[in-house]
Amino acid sequence: MAGPRVRVFPSAEELGPALASAVLGRAAQAVSSRGRFAVSVSGGGLVPLLAAELPAAAAAARPGPDTARWVLGFCDERLVPFDSPDSTCGLYRKHLFSKISIPNNHVITINPTLPVEEAADKYAERLRELFPGENVPVFDLLLLGIGPDGHTCSLFPDHPLLQEQNKIIAPISDSPKPPAKRITMTLPLLNAAHCAMFVVTGESKAAALKDILEGHSANPLPAARIQPVNGEIIWFIDEAAASKLTIEVERSLL
């Protein structure tokens with residue numbers, strides 16, 4: 001795997017269109033070469049960013065994206081009803097899926113009424129059905145964020161799930177960030193992807209970002225452990241998040 005590509009933008013407003021364009025480019029490439037685009041998304045600040053920028057970019061694209069060939073999963077999810085403001089799927093349904101038409105049976109959702117262990121197992125089963133013949137499903141693209149503590153998905157610093165090597169989807173009942181019960185992709189699944197795109201904005205993430213991109217700890221932060229074996233990593237960050245970096249980055253003036 002080559003080193004990560006780090007793209008820095010003046011603000012989230014400039015970052016958004018570039019991210020949407022990159023996602024659509026990956027989608028077109030995947031549909032052309034493999035017949036579909038398998039993408040997995042994260043929650044938090046990514047939801048409003050994608051909801052604002054992806055439909056606009058799709059409307060302007062010629063030809064437009066073939067979203068009927070998209071398969072969309074979630075990098076992690078909270079075990080709450082879909083109408084809860086804590087539901088990542090619920091937020092995407094409300095703010096994005098009403099603007100971009102992805103077939104319902106192509107959106108891989110959890111069953112939030114199940115116990116967390118069973119919800120994780122059922123989600124993993126659904127993934128294996130959609131990725132037949134693949135021991136570890138290979139997503140074309142992961143859209144990821146980080147927390148100020150360096151967590152990504154629901155993989156938190158020093159948590160035992162960082163050592164999980166067998167499950168592709170794992171339950172977590174003691175998330176240090178509420179809600180406590182969640183499911184999450186594990187490192188074997190995350191590191192099988194063709195591409196991981198991290199989106200990081202705000203000064204509160206600057207210290208963790210420096211540690212992830214420049215640190216050499218024997219105990220790396222969770223986001224630093226995302227290292228696709230046969231894929232690539234691209235970071236989309238704003239100047240505030242990049243404020244502590246000393247490595248060479250690509251700066252966009254757009």
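Quick note: the coordinates plus some simple rules give every number you see, no bench work behind them. Owing to the predicted nature of the structure, the values given are computational and were not obtained by experimental measurement. Note that each Cβ is placed from the backbone with ideal geometry, even for glycine, and that neighbours are counted across all protein chains shown.
Condition first: among the aliphatic types (A, V, I, L, M) and in contact (Cβ under 8 Å) with a residue 60 or more places away in the chain. Now tell me which residues in the stretch 146-176 satisfy that.
Ile146, Leu155, Leu162
Take the residues in the stretch 51-82 that are surrounded by fewer than 20 Cβ atoms within 10 Å (Cβ to Cβ) and among the β-branched types (Val, Ile, Thr); name whichever of them is nearest to Gly16 (Cα to Cα).
Once the filter is applied, the top-ranked residue is Thr67.
Return the residue satisfying two criteria in turn: it lies in the stretch 194-230 and is buried (at least 21 other Cβ atoms within 10 Å of the Cβ) and free of Cβ contacts under 8 Å to residues at least 60 places away in the same chain, and of such residues it is farthest from Ile168 (Cα to Cα).
Among them, the one singled out is Lys205.
Counting just the residues of the stretch 83-96 that are of a type outside the set (Gly, Ala, Ser) and surrounded by 16 or more Cβ atoms within 10 Å (Cβ to Cβ), which one comes out farthest from Pro112 (Cα to Cα)?
The selected residue is Leu96.
In this structure, is Val107 within 20 Å of Cys153 (Cα to Cα) and in contact with a strand residue (DSSP E or B) (Cβ under 6 Å, 6 or more places away or on another chain)?
Taking the combined requirement at face value, the residue satisfies it.
Quickly run through the stretch 103-119 and pick out the residues that are among the polar types (S, T, N, Q) and crowded, with 18+ Cβ neighbours inside 10 Å.
Thr109
I'd like the full set of residues that are more than 14 Å from the chain's Cα centre (by Cα), over 16 Å from Ile102 (Cα atoms) and surrounded by fewer than 15 Cβ atoms within 10 Å (Cβ to Cβ), limited to the stretch 22-47.
Residues satisfying the conditions are Gly25, Ser32, Ser33, Arg34.
Criterion first (without any contact (Cβ under 8 Å) to a residue 40 or more places away in the chain, in contact with a helix residue (DSSP H, G or I) (Cβ under 8 Å, 6 or more places away or on another chain) and aliphatic (A, V, I, L, M)) does Leu96 satisfy it?
no
I need the full set of residues from the stretch 123-144 which are touching a Leu at 6+ places or on another chain (Cβ under 7 Å) and in a strand (DSSP E or B), in order please.
Leu142, Leu143
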